[in-house]
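These notes concern the structure reproduced below.
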Amino acid sequence: MTASAKKWIIVVAAVGLLLLLSSELAKAANVVAPNLGVGTQRKSFLGQAEMPRGIRNNNPGNLKMTTPQQGWLGSIDRSENTDGVFEQFVFYGYGLRAMLKLMRNKMTRNGDNSIRKLIYSWAPPGENSTENYIAAVESVTGIPQNQVIDVNDKDRLFAIAQAIESQENGRVVMTRRDFDNAYNLI
């Protein structure tokens, strides 16, 4: 057996032990780990070079790393983040949850409650072609860019989230099931 194979066996055993211990500690403390739903919990594109940056980071909204670190549920610690600019998440559902939470916070706390205001904040002009981004989200969702969005309207939030994912990554991998499972964790 090679030294590399031995190291992997040790790493796998250590991870297994940590998972077992954390599960037992959670049971003892009566803590339930977040459930992203059947199938969604393991959905991950992390490190898949053929995928766009946001998708391969499991970060469909391309949320940037912050200082101090935001500490999003399921985010990869800064010391292990291989991107260096954008957050990375263990699973896609956690990245989607962070995106939805940030969208809702911008809408409720900052007053960014229309497509125009939300996208202007999400993708500011200094870094993006903001007007084109706004027009694309309006076109894809069918929601007028200045119309106030009800943050409790899951259908509209789903449409906006998919449009943002498309603008940020050039494609959409989010399903309604992914959205619903992530939304339920907010």
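What the table below lists for this structure:
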| item | result |
| --- | --- |
| Dipole magnitude (debye, nearest 20) for segment 142-186, charges at Cβ of Lys, Arg, Asp, Glu | 100 debye |
| Vicinal HN-Hα couplings computed from phi for segment 143-152 (Karplus, 6.51 cos²θ - 1.76 cosθ + 1.60; Hz; Gly/Pro x) | 9, x, 4, 9, 6, 5, 9, 6, 5, 9 |
| Integer Hz, Karplus 6.51/-1.76/1.60 couplings in order for segment 159-167, x for Gly and Pro | 4, 5, 4, 5, 5, 5, 4, 5, 5 |
| Local electrostatic count, ASP150, Cβ distance below 15 Å [Lys/Arg +1, Asp/Glu -1] | +2 |
| Label-point gap, in nm, between VAL140 and THR66 - each point 7 angstrom along Cα→Cβ | 2.3 nm |
| Counted charge near LYS43, where neighbours are those whose Cβ lies closer than 12 Å (Asp, Glu -1; Lys, Arg +1) | +1 |
| Total formal charge among the other residues, if their Cβ is under 10 angstrom from that of VAL85, Lys/Arg +1 and Asp/Glu -1 | 0 |
| Residue (of VAL148, ALA159, VAL173) at the positive-pole extreme of segment 136-176, dipole from beta-carbon charges | VAL173 |
| Calculated on alpha-carbon atoms, Rg and Dmax of segment 56-173 in Å | 13.8, 41 |
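Bear in mind these aren't lab numbers, they're just calculated from the coordinates by the rules spelled out. This is a predicted model, so every value here is computed, not measured. Virtual Cβ from ideal backbone geometry, glycine too; neighbours counted across all protein chains shown.
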